[in-house]
Amino acid sequence: MTWVVRICPRASRRFALANLLVLTGTLLLNARSSEPSFWFWFVADAAVLTGFFFSYAGLLKLFKLKWSARSAQLSLGLALAFLLLTNQGSDSVWLARLVFSAAASSLLAHAAWANYQAIKQEFSTGAALLVSSPFYVMSLFFMLRFGLLWQNQQADPEYLSLPHPDALPQLWFFVVMTVVINVSLVGNAFARLVTKIRALADRDSLTGLWTRRVMMQQLLNHARSSARHHSVFSILLIDLDYFKKINDKYGHQTGDQALLYASQCFKQELRAEDWLARYGGEEFLILLPDTGLAEAGVIADRIRQRLALQPFKPAAGLSLTASIGVASYHTGDNLDQLISKADAALYQAKAQGRNRICMPENWRSMPEVN
């Protein structure tokens with residue numbers, strides 16, 4: 001279904017291939033006799049295990065996880081090589097079942113962990129546990145099967161073949177859980193779609209910075225934290241100087257490049273805990289947690305100097321500068337007043353000649369670069 005509606009087609013193709021392989025393997029499992037054979041034993045095992053691997057690979061692709069699949073590939077390769085050597089004789093059926101169970105448990109555990117970590121990044125821990133639980137349950141099932149086989153080394157070959165009446169509940173459990181995992185995979189695909197929609201809503205399409213809406217929520221969160229812990233934070237309101245003239249003289253494409261270039265300059269001077277948003281047009285807003293006015297002024301001047309001194313290559317002879325208004329929030333302040341103070345400081349910086357920073361307290365300013 002996710003393939004049809006084109007939610008991450010590459011991942012969906014991996015999931016479709018995983019389903020096809022597991023279905024093929026299950027049909028061959030159901031057709032087994034007690035006498036080992038290449039098609040009904042090795043090919044069935046290989047299809048099921050490879051299907052589990054593609055489920056894991058599909059999750060990596062779906063959530064764009066920068067993980068290596070080498071450990072899962074190694075588990076699959078070693079298991080298939082061992083099964084190819086041991087599935088040819090009835091005296092080694094028990095050992096082959098042991099290897100199959102261990103490899104299946106390992107591959108499903110890989111998928112469960114990837115699923116859990118991906119969902120946890122965007123949603124709650126509870127949601128991550130719920131969505132990844134079918135993989136964990138299946139991994140536990142094969143782990144328990146491994147333990148039972150380990151304790152019963154003299155098991156009847158017919159029992160090991162699964163279609164045996166005593167082993168039939170295991171086969172049905174496997175089939176039912178495969179269906180549940182497919183439902184989980186559909187849920188994963190739609191979770192990825194929700195994540196993409198959130199990203200579009202939270203990130204500026206040109207610069208990739210946070211949007212004004214996200215920044216206002218962060219300001220509110222920090223204001224509440226400040227009230228609880230009596231801490232301080234500061235904001236920088238930045239406006240690119242003469243931006244309209246850049247658009248008029250060099251074109252809107254160069255203007256877009258200037259916005260992107262400026263945002264990259266700002267990022268280079270910020271700390272990991274700072275927040276940078278495109279506030280609107282050529283204006284940017286920076287949130288500096290646990291930062292007083294004096295320290296915020298130093299950071300603002302570093303940002304201003306980096307932008308002014310670093311040449312803007314897309315347009316020959318064009319240099320970018322910015323005016324910056326600085327304001328600090330203290331317990332009991334109003335957010336609207338905070339932004340108004342920063343805006344007033346920014347207006348003052350422009351009135352004093354641009355390419356400088358201003359602070360509302362006594363309208364202290366720092367001069368432009370010579």
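Taking Ala118 as the residue in question, decide whether it is buried (at least 22 other Cβ atoms within 10 Å of the Cβ) and either of a type outside the set (Gly, Ala, Ser) or at pLDDT 85 or above (or both).
yes
If you scan the stretch 177-209, which residues turn out to be touching a residue at least 40 places away in the same chain (Cβ under 8 Å), within 13 Å of the chain's Cα centre (by Cα) and open to solvent by 50 Å² or more (accessible area, probe 1.4 Å)?
Answer for the stretch 177-209, where residues must be touching a residue at least 40 places away in the same chain (Cβ under 8 Å), within 13 Å of the chain's Cα centre (by Cα) and open to solvent by 50 Å² or more (accessible area, probe 1.4 Å): Leu193, Val194, Arg198.
How many of the residues making up the stretch 24-78 are assigned to a helix (DSSP H, G or I) and of a type in the set (Lys, Arg)?
2
Pairs needed: first member in the stretch 52-65, within 13 Å of Ala112 (Cβ to Cβ); second member anywhere, modelled with pLDDT of 90 or more and of a type in the set (Val, Ile, Thr); C-beta distance under 7 Å; at least 6 residues apart or different chains.
Filtered contacts from the stretch 52-65: no entries.
Return the residue satisfying two criteria in turn: it lies in the stretch 317-336 and is among the small types (Gly, Ala, Ser) and modelled with pLDDT of 80 or more, and of such residues it is surrounded by the most Cβ atoms within 10 Å (Cβ to Cβ).
Ala322
With the requirement that a residue be open to solvent by 10 Å² or more (accessible area, probe 1.4 Å) and in contact with a Ser or Thr (Cβ under 7 Å, 6 or more places away or on another chain), what does the stretch 299-310 give you?
Ala308 - this is the single residue of the stretch 299-310 that is open to solvent by 10 Å² or more (accessible area, probe 1.4 Å) and in contact with a Ser or Thr (Cβ under 7 Å, 6 or more places away or on another chain).
Applying the selection to the stretch 255-295, what residues are in a helix (DSSP H, G or I), of a type outside the set (Asp, Glu) and open to solvent by 60 Å² or more (accessible area, probe 1.4 Å)? Please lay out each step first, then the result.
Filtering the stretch 255-295 down to residues in a helix (DSSP H, G or I) leaves 255-268, 293-295.
Keeping just the survivors that are of a type outside the set (Asp, Glu) gives 255, 257-268, 293-294.
Gln257, Leu260, Gln264, Lys267, Gln268, Ala294, listed by residue number.
Kindly indicate whether any position in the stretch 231-240 is in contact with a strand residue (DSSP E or B) (Cβ under 7 Å, 6 or more places away or on another chain), acidic (Asp, Glu) and open to solvent by 40 Å² or more (accessible area, probe 1.4 Å). Talk me through it step by step, then tell me what you get.
Looking only at the stretch 231-240, we keep the residues that are in contact with a strand residue (DSSP E or B) (Cβ under 7 Å, 6 or more places away or on another chain), and these are 232-240.
Subset that is acidic (Asp, Glu): 239.
Pick out the ones that are also open to solvent by 40 Å² or more (accessible area, probe 1.4 Å) and you get none.
No, the stretch 231-240 contains no residue that is in contact with a strand residue (DSSP E or B) (Cβ under 7 Å, 6 or more places away or on another chain), acidic (Asp, Glu) and open to solvent by 40 Å² or more (accessible area, probe 1.4 Å).
Being touching a Cys at 6+ places or on another chain (Cβ under 9 Å), closer than 25 Å to Thr254 by Cβ and among the hydrophobic types (A, V, I, L, M, F, W, C) narrows it down to one residue among Ile286, Ile324; which is it?
Ile324
Could you check how many residues of the stretch 217-226 are without any contact (Cβ under 8 Å) to a residue 24 or more places away in the chain and either open to solvent by 50 Å² or more (accessible area, probe 1.4 Å) or in a loop (DSSP other than H, G, I, E, B) (or both)? Quick ask: steps written out before the conclusion?
Going residue by residue through the stretch 217-226, those that are without any contact (Cβ under 8 Å) to a residue 24 or more places away in the chain are 217, 221, 224-225.
Imposing the further condition that a residue be either open to solvent by 50 Å² or more (accessible area, probe 1.4 Å) or in a loop (DSSP other than H, G, I, E, B) (or both) reduces the set to 217, 221, 224.
Counting residues in the stretch 217-226 that are without any contact (Cβ under 8 Å) to a residue 24 or more places away in the chain and either open to solvent by 50 Å² or more (accessible area, probe 1.4 Å) or in a loop (DSSP other than H, G, I, E, B) (or both) gives 3.
Filter the stretch 251-288 down to residues that are closer than 18 Å to Ile324 by Cα, among the acidic types (Asp, Glu) and either modelled with pLDDT under 90 or under 23 Å from the mean Cα position of the chain (by Cα) (or both), then give me how many there are.
Qualifying residue count for the region: 1.
So which pairs qualify, if the first residue must be in the stretch 227-244 and in contact (Cβ under 8 Å) with a residue 60 or more places away in the chain and among the hydroxyl-bearing types (Ser, Thr, Tyr), the second must be open to solvent by less than 30 Å² (accessible area, probe 1.4 Å) and assigned to a loop (DSSP other than H, G, I, E, B), the Cβ gap must be under 7 Å, and the two must be at least 6 apart or on different chains?
Matching pairs, first to second residue: Ser234/Thr291; Ser234/Gly292.
Inspect all residues belonging to the stretch 39-51 and state whether any of them is modelled with pLDDT under 85 and touching a Leu at 6+ places or on another chain (Cβ under 7 Å).
Looking through the stretch 39-51, at least one residue is modelled with pLDDT under 85 and touching a Leu at 6+ places or on another chain (Cβ under 7 Å).
Go through the stretch 331-354 and report how many residues are touching an Asp or Glu at 6+ places or on another chain (Cβ under 8 Å) and part of a helix (DSSP H, G or I).
2
Please go through (1) touching a residue at least 24 places away in the same chain (Cβ under 8 Å); (2) surrounded by fewer than 21 Cβ atoms within 10 Å (Cβ to Cβ); (3) in a helix (DSSP H, G or I); (4) of a type outside the set (Asp, Glu) for Ala96 and return the number of the only condition it doesn't satisfy.
For Ala96, the failing item is (2).
Could you please find all residues in the stretch 121-147 being exposed (fewer than 15 other Cβ atoms within 10 Å of the Cβ) and assigned to a loop (DSSP other than H, G, I, E, B)?
Ser124
Out of the stretch 34-70, which residues are under 24 Å from the mean Cα position of the chain (by Cα) and open to solvent by 60 Å² or more (accessible area, probe 1.4 Å)?
Scanning the stretch 34-70 gives Lys61, Lys64, Lys66, Trp67, Ser68, Arg70.
The values are calculated or read from the model by the stated rules, or taken from the named source; none is laboratory data. No experiment lies behind these values; they were computed from the predicted model shown. All Cβ positions, glycine included, derive from the backbone under ideal geometry; neighbour counts span all protein chains shown. Just the protein is used for accessible areas: all its heavy atoms, side chains included, with ligands, DNA and RNA removed. Shrake-Rupley method; radii C 1.70, N 1.55, O 1.52, S 1.80 Å.
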